[in-house]
Structure formats: C-alpha cells, structure tokens
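To keep things clear, I will list the structure first and then write my remarks on it.
The values are calculated or read from the model by the stated rules, or taken from the named source; none is laboratory data. Note that the structure is a prediction, hence the values are computed from the model and not measured. Backbone-built Cβ (ideal geometry, glycine too); neighbour counts: all protein chains shown. Accessible surface is based on the protein model in full, side chains and every heavy atom, while ligands, DNA and RNA are left aside. Shrake-Rupley method; radii C 1.70, N 1.55, O 1.52, S 1.80 Å.
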Amino acid sequence: MMKSGLMGLRLILVISVICGSISPLWAQAVDDYVWVANEGSNNVTCIKKSDSSTTTIAVGNGPYGVAALPNGNYVYVTNQFDDNVSVIRASDNREVATISVGDDPQGVAVLPNGNAVYVTNSIDNTVSVIGF
C-alpha cells in the first residue's frame, strides 16, 4: 500500500531460500544521522549526531531491521508483525510509504548503487526484493 509519492517503488520479486538470511541491523548511520528501530514502541528514533537531538517516527508493528539508501534520502524499516516495510523520507523523517513483503520480515539491505532493497522474511524463508 503506497501512502504517497515514490511512484516508481514496487515489490519486484520474492525469492524462496532454503537457509540463511541477511542479519538484521537495528540501527543505520548515514552522515550526521542514525536511525534506530524501537521494536517495543513501534517507532524509529532518528538521532542527529552533531547535537544529539532526536526525532521519533511512528512505523508499523514490531520494527526490526533498518537500512538506508547510500545517498541517505530514504530509510527502510522492516515491521515484522505487519509483514511490511516502512519507507521514511530522511529529509523530514516522515513515513511516506509502506510496502507489503513476506511473513515476518527482519533483515534488510540496500544494494550499494541504491537500485534495490532486499528483505529477509523469516517465517516463509523468502527474500523480497523492492526495486526502483
């Protein structure tokens, strides 16, 4: 379900895997900012390193993995109990989209060129690929 914008964003592939996964990261740093998933609070905290100020961003149920595009424009957060990924626009720390993925998404990784986001789904042993 798209909340707004990001018209080119789409789930392009779900790959079945036998074993293994992308290890989840609960925090992601880009430039002067760090985003931290707060699983029990259903939000993400953005910390500005230079002055230690914080912003809290509401996301889905059970935020777990966090990854950012290399340019720092968007942050992706897996919501393991909603089976989706929240997309946060870093310029204003707003959730701008949610993307349905597999069952119990946890790990998330972004290609170095920023052209795809990979999400591991632990219950159905799949990898969802979000492409642009």
Point to revise | THR56/ALA116 FRET efficiency (R0 25 Å; Cβ-Cβ; nearest 0.05) | key: 0.30
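Give me the one-decimal Kirkwood hydrodynamic radius in Å for the range 87-132, with the sum taken over alpha-carbon pairs.
11.5 Å
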Revision key, fill the gap. For the range 112-128, Karplus-derived ³J(HN,Hα) couplings (6.51, -1.76, 1.60; θ = phi - 60°; whole Hz; x for glycine and proline) come out as x, 7, x, 7, 7, 10, 10, 10, 8, 10, 6, 6, 9, 6, 10, 10, 8
Check your understanding: Of the heavy-atom accessible surface of the range 58-128 (probe 1.4 angstrom), what whole percent is carbon and sulfur?
Key -> 44 percent
Practice item. Using a 1.4 Å probe and counting only protein heavy atoms, arrange GLU95, GLU39 so the residue with the most accessible area comes first. Key: GLU39, GLU95
